[in-house]
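Read through the structure below, which is laid out as structure tokens, and then see the notes.
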Amino acid sequence: MESIEKKKRIVSLIQPTGVFTLGNYLGALKRFVELQDEYECVYGLADLHAITVRQEAAAFRKTILSSYALMLAIGIDPQKSLFFIQSQVPEHSQMAWVLNCYTQFGELSRMTQFKDKSAAHTDNVNAGLFTYPSLMAADILLYNAEYVPVGHDQKQHIELTRNIAERFNATYSPTFVVPEPLIAAKGSRIKSLQNPTKKMSKSDENVNAFVSLLDSPDDIMRKFKRAVTDSEAKVYCAEGKDGINNLMEIYSLMTGLDFAAIEKEFEGKGYGDFKVAVGESVVEKLRPIQENYKKLLADKAYLEDCFSKSAPEASSIARKTLSKVMKKVGFLPKK
Ligand code: TRP
């Protein structure tokens, strides 16, 4: 007899902060798309997280909408997956408050993202920046997800989420599913094209250091041609060849070729040829995404329809978990 196995659930949110980079794409977004067949996927735009850094209202509104459109353009399929905007699902903030009271000051103080961000924005070290991880724990735990696909930099936050869940379960009774991070072997450490020991970041002051998903073909080619490599002029992976390792990883993810096949393809050729090939592979991959994006962004009614439908769907799952938690904590139920 054929067994109908229930798909496991995954949850992941991404902050709508400006345009996504190639690093975001290879480290997270491309995987979000691929995971849609194997898992029941819950995705969201973490706009509540984004205000831990000051946002200008009109620009922020635009960025949220364009990020939503870009995610759809990349291939998040609202027929297959739930894809909502975090601020439109009030259970996230409600659960975050409760979880704040089950998260220790010491734990939050140890988070490297908090240390980095508070050092970068010394004039705005707000309480939200500090409690960011308990909101993230709420995002995850509300949906009883088994896995959380994230980049390396988020591993510590998932560990904290697990600790919060285990603590709550032990204090009351099993309530939360304790989730595991799903970190891809490849792609989650895409480096800056200008300083390949550093992560590719859209906040880099050197625009040649990162490729944005909406860069023009000319810009993309220029950035790859200028990518920092080494003086050996031989395409192969090795320790210390950070620039070439990074370009090989990008090329591998774009073409599906493994490193051995890439070394073979560029045997006897210099870095010039290799950089052009990497650039072209990126241009070709991004072309349909950019076309889709333009169409979607021009159809605001469609975008609004998508997120207005997904928010109540997300709420109806989240509400069940939130009610259970509130009851266990001892709040009076509404009659
Ligand atoms: N903190 C994550 C990041 O900066 C974004 C995020 C918010 C998230 N909530 C989440 C990721 C829940 C996974 C699950 O990348």
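Scoring LYS285 on the criteria (1) touching a residue at least 60 places away in the same chain (Cβ under 8 Å); (2) within 21 Å of ASN208 (Cα to Cα) leaves a single failure, condition (1).
Conditions tested, residue by residue: (1) closer than 22 Å to SER67 by Cα; (2) within 16 Å of the ligand (Cβ to nearest atom); (3) more than 15 Å from the chain's Cα centre (by Cα).
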{"residue": "ALA120", "(1), (2), (3)": "no, yes, yes"}
{"residue": "THR131", "(1), (2), (3)": "no, yes, yes"}
{"residue": "ASP153", "(1), (2), (3)": "yes, yes, no"}
{"residue": "ILE164", "(1), (2), (3)": "no, yes, yes"}
{"residue": "TYR172", "(1), (2), (3)": "no, no, yes"}
{"residue": "ILE183", "(1), (2), (3)": "no, yes, no"}
{"residue": "SER201", "(1), (2), (3)": "yes, yes, no"}
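Does ASN124 satisfy the criteria of being assigned to a loop (DSSP other than H, G, I, E, B), touching a residue at least 40 places away in the same chain (Cβ under 8 Å), away from the ligand (no atom under 13 Å from the Cβ) and surrounded by 16 or more Cβ atoms within 10 Å (Cβ to Cβ)? Considered against the rule, which asks whether it is assigned to a loop (DSSP other than H, G, I, E, B), touching a residue at least 40 places away in the same chain (Cβ under 8 Å), away from the ligand (no atom under 13 Å from the Cβ) and surrounded by 16 or more Cβ atoms within 10 Å (Cβ to Cβ), ASN124 comes out as no.
The residue list ILE85, ILE64 contains one member that is among the aliphatic types (A, V, I, L, M), within 15 Å of the ligand (Cβ to nearest atom), free of Cβ contacts under 8 Å to residues at least 60 places away in the same chain and touching a helix residue (DSSP H, G or I) at 6+ places or on another chain (Cβ under 8 Å), which is ILE64. Looking at region 9-106, the helices (runs of 4 or more DSSP H) lying wholly inside it that each contain 3 or more residues that are small (Gly, Ala, Ser) sit at 57-74.
Taken over region 136-151, the criterion of being in a helix (DSSP H, G or I) and within 7 Å of the ligand (Cβ to nearest atom) is satisfied by MET136, ASP139, ILE140. Kindly indicate which of SER231, SER212 is more than 16 Å from the ligand (Cβ to nearest atom) and surrounded by fewer than 18 Cβ atoms within 10 Å (Cβ to Cβ). None of the others qualify; the one that does is SER231.
The numbers here are math on the coordinates, done by the rules we state, and not lab data. Every value quoted in this text rests on a predicted model; they were computed, and no experiment measured them. As a convention, Cβ positions derive from the backbone with ideal geometry for all residues, glycine included, and neighbour counts pool all protein chains shown.
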